[in-house]
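Q: Input: one structure, supplied below.
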Amino acid sequence: EIKRERISLLVLTHEHAGHAGGAAAFPDALLVSHSLAAAKLRNGEEPLTKLRAARAPDIELSDGGAIRIGGFSFDVLHMPGHTSGSICLYERSRALIVTGDTVLARGTLPVVTQNGSSGEHLESLERLASLRARLLLPGHGPLSDDPAADIAGAAATVRSRLSGWADEQQPVREE
């Protein structure tokens, strides 16, 4: 068991309550998130965050940034889709990806929220698919030791959703 006071860094993969809601319990830890997630938390956008009050991040991250802690070196990847402020963390030397809610094990996807985008989600999944990874660490549920299959399954689901919407938008031809 890790004592609360030993935790020095909290990285929010996005701004939803299930990820940001516990940050206040770690007042001495440095809190970091993508700048888009930080803006929602800082300004109290409860409809988007599902939080009445939230701790604002101390540091705002952007794509291409890095987090180095405890022998790990994570690349920060802005991965919009589930939310506009979603990030993943890629540890190249260990071939692992912390995905938050961008993709879960077994290719499961959470819903795209009102400030997210299925098109952006698909592009984020395609970007993840290009990374060499042996382990996927999602924000919910079990770990995955088959990231390629899980990311491919999630991308197929998003493509199906997008093609379904496109089919619904096609004009009806009268013959």
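The values are calculated or read from the model by the stated rules, or taken from the named source; none is laboratory data. Fair warning: this is a prediction, and the values are worked out from it, not measured in the lab. Note: ideal-geometry Cβ built from the backbone for every residue, glycine included; neighbour counts use all protein chains shown. Protein only, heavy atoms only, side chains kept; ligands, DNA and RNA dropped before computing areas. Shrake-Rupley method; radii C 1.70, N 1.55, O 1.52, S 1.80 Å.
Q: Restricting to the range 116-134, and then to whatever is hydroxyl-bearing (Ser, Thr, Tyr) and either under 13 Å from Thr83 (Cα atoms) or in contact with a helix residue (DSSP H, G or I) (Cβ under 6 Å, 6 or more places away or on another chain) (or both), can you tell me which residue is modelled with the lowest pLDDT?
A: Residue satisfying both the conditions and the ranking: Ser117.
Q: What single numbered condition from (1) part of a strand (DSSP E or B); (2) open to solvent by 20 Å² or more (accessible area, probe 1.4 Å) fails to hold for Tyr90?
A: Unmet for Tyr90, out of (1) part of a strand (DSSP E or B); (2) open to solvent by 20 Å² or more (accessible area, probe 1.4 Å): (2).
Q: Right, next: Specify which of the listed residues (Ala17, Ala66, Ala38) is open to solvent by less than 40 Å² (accessible area, probe 1.4 Å) and touching a strand residue (DSSP E or B) at 6+ places or on another chain (Cβ under 8 Å).
A: Going through Ala17, Ala66, Ala38 in turn, just one is open to solvent by less than 40 Å² (accessible area, probe 1.4 Å) and touching a strand residue (DSSP E or B) at 6+ places or on another chain (Cβ under 8 Å): Ala38.
Q: Can I ask one more? Of all residues in the range 93-113, how many are buried (at least 23 other Cβ atoms within 10 Å of the Cβ), aliphatic (A, V, I, L, M) and assigned to a loop (DSSP other than H, G, I, E, B)?
A: The qualifying residues number 1.
Q: Has the range 44-55 got at least one residue that is open to solvent by less than 70 Å² (accessible area, probe 1.4 Å), over 20 Å from Val111 (Cα atoms) and touching a residue at least 12 places away in the same chain (Cβ under 8 Å)?
A: There is at least one residue in the range 44-55 that is open to solvent by less than 70 Å² (accessible area, probe 1.4 Å), over 20 Å from Val111 (Cα atoms) and touching a residue at least 12 places away in the same chain (Cβ under 8 Å).
Q: Continuing with the same structure: Scan the range 69-79 for residues that are under 9 Å from the mean Cα position of the chain (by Cα), surrounded by fewer than 23 Cβ atoms within 10 Å (Cβ to Cβ) and not in a strand (DSSP E or B) and report the count.
A: The qualifying residues number 0.
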